[in-house]
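Accompanying notes for the structure given below.
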Amino acid sequence: MDWFTAQHPVVQALLATCFTWGVTALGASGVFLAKEMKRVMLDTMLGFAAGVMIAASFWSLLAPAIAMSEGGRLPVWVPALVGFLLGGACLRGVDMVLPHLHLNAPMREAEGVSTNWRRSTLLVLAVTLHNIPEGLAVGVAFGALAVGIPEATLPGAMALALGIGIQNFPEGLAVAVPLRREGMSRRRSFWFGQLSGAVEPVAGVLGALAVVVARPLLPYALAFAAGAMIFVVIEEVIPESQRGGHTDLATLGAMLGFAVMMTLDVALG
């Protein structure tokens with residue numbers, strides 16, 4: 001732990017997002033144990049992931065963004081509002097362009113520009129899109145440490161990384177098992193399942209560097225990450241968790257995920 005705390009916040013962001021990527025890979029490794037996953041389990045885990053992301057968006061991102069805006073020229077709510085809406089708009093733009101397919105959706109529901117790519121490729125791209133704001137959120141949280149913001153703490157950034165990592169486990173499993181069901185080998189299913197999380201270290205380092213280089217952008221960057229995550233939750237994760245008909249368990253999963261992330265952030269942050 002002492003070695004980690006001695007690193008520059010950008011390096012810490014890289015290490016933290018490598019951890020979240022590693023948990024995605026750990027989840028994807030479940031494909032070596034099972035070819036199928038009960039839909040009720042998938043729906044519950046997706047609900048859990050949604051709850052974690054919602055809680056992280058407020059306690060780890062929006063609340064600090066508002067606190068950091070106090071004493072500025074603008075009302076305290078302006079940076080959070082602008083950043084939040086920009087984050088959602090940016091993800092909407094990527095969502096409209098990037099070809100992808102949500103889990104268990106038929107090919108006719110593929111989104112983004114028209115393409116002849118295989119179903120498996122579109123599934124991986126959907127989860128990759130999902131992981132961009134998660135990596136960005138962790139990176140921005142660690143980047144805030146480098147500029148000496150009182151509201152930014154190492155335990156709080158670590159709590160965010162831990163929460164994102166926990167919900168990445170079911171995500172890795174949720175993408176690898178369908179790939180196996182599509183006829184892909186276990187090894188290739190694992191490879192593409194973990195690859196969906198590889199974007200997190202990239203987004204994490206970029207987020208950390210952005211706030212280190214331009215300190216005034218920090219409240220906007222935190223809110224931007226929150227808006228991007230909320231967009232993903234509402235547009236993808238929650239609808240997918242409800243698609244299988246296990247709405248009560250998916251909702252309970254979301255409540256549990258929210259409670260876990262809230263506890264982590266308040267207790268450690």
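The values are calculated or read from the model by the stated rules, or taken from the named source; none is laboratory data. Nothing here was measured: the structure is a model prediction, and the numbers come from that model. For neighbour counting, all protein chains shown are included, and Cβ atoms are generated from backbone atoms with ideal geometry for every residue, glycine included. For the accessible areas, the whole protein counts, side chains as well, though only heavy atoms, and no ligand, DNA or RNA atoms are used. Shrake-Rupley method; radii C 1.70, N 1.55, O 1.52, S 1.80 Å.
Identify, by number, the condition in (1) touching a helix residue (DSSP H, G or I) at 6+ places or on another chain (Cβ under 7 Å); (2) not in a helix (DSSP H, G or I) that G245 doesn't meet.
(1)
Among the residues of the range 174-219, count how many are at pLDDT 85 or above, open to solvent by 50 Å² or more (accessible area, probe 1.4 Å) and under 15 Å from F142 (Cα atoms).
Residues meeting the conditions: 3.
May I ask you to list the residues in the range 50-76 that are in contact (Cβ under 8 Å) with a residue 40 or more places away in the chain, over 15 Å from L136 (Cβ atoms) and assigned to a helix (DSSP H, G or I)? Let's see the steps before the verdict.
Restricting attention to the range 50-76, the residues satisfying the condition of being in contact (Cβ under 8 Å) with a residue 40 or more places away in the chain are 50-62, 64-69.
Filter once more, keeping what is over 15 Å from L136 (Cβ atoms): 50-52, 54-55, 58-59, 66-69.
Within the range 50-76, A50, G51, V52, I54, A55, F58, W59, I66, A67, M68 qualify.
For (1) surrounded by 17 or more Cβ atoms within 10 Å (Cβ to Cβ); (2) more than 23 Å from A228 (Cβ to Cβ); (3) more than 15 Å from the chain's Cα centre (by Cα), each residue gets a yes or a no:
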residue	(1), (2), (3)
W3	no, yes, yes
H8	no, yes, yes
G30	yes, yes, yes
T44	yes, yes, yes
A55	yes, no, no
S60	yes, no, no
G87	yes, no, no
V97	no, no, yes
E109	no, no, yes
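Check off (1) in a helix (DSSP H, G or I); (2) farther than 18 Å from V260 by Cβ; (3) free of Cβ contacts under 8 Å to residues at least 24 places away in the same chain for M41 and give me the number that stays unchecked.
So the condition that M41 fails would be (2).
Matching residues to (1) open to solvent by less than 60 Å² (accessible area, probe 1.4 Å); (2) more than 13 Å from A174 (Cα to Cα); (3) not in a helix (DSSP H, G or I):
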position	(1), (2), (3)
L26	no, no, no
A34	yes, no, yes
G47	yes, no, no
G83	yes, yes, no
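Return the residues of the range 211-243 that are free of Cβ contacts under 8 Å to residues at least 24 places away in the same chain and aliphatic (A, V, I, L, M); say none if nothing qualifies.
Hits for the range 211-243 are V213, A214, L217, I234.
Say we look at the range 236-265 and pick out the residues that are touching a His at 6+ places or on another chain (Cβ under 9 Å) and closer than 22 Å to G87 by Cα; which of these is surrounded by the fewest Cβ atoms within 10 Å (Cβ to Cβ)?
Going through the qualifying residues, I end up with P239.
For the range 112-123, what are the residues that are of a type outside the set (K, R) and surrounded by fewer than 24 Cβ atoms within 10 Å (Cβ to Cβ)? So that I can check it myself, show each step before the final result.
So in the range 112-123, the residues of a type outside the set (K, R) come out as 112-117, 120-123.
Within the range 112-123, G112, V113, S114, T115, N116, W117, S120, T121, L122 meet the criteria.
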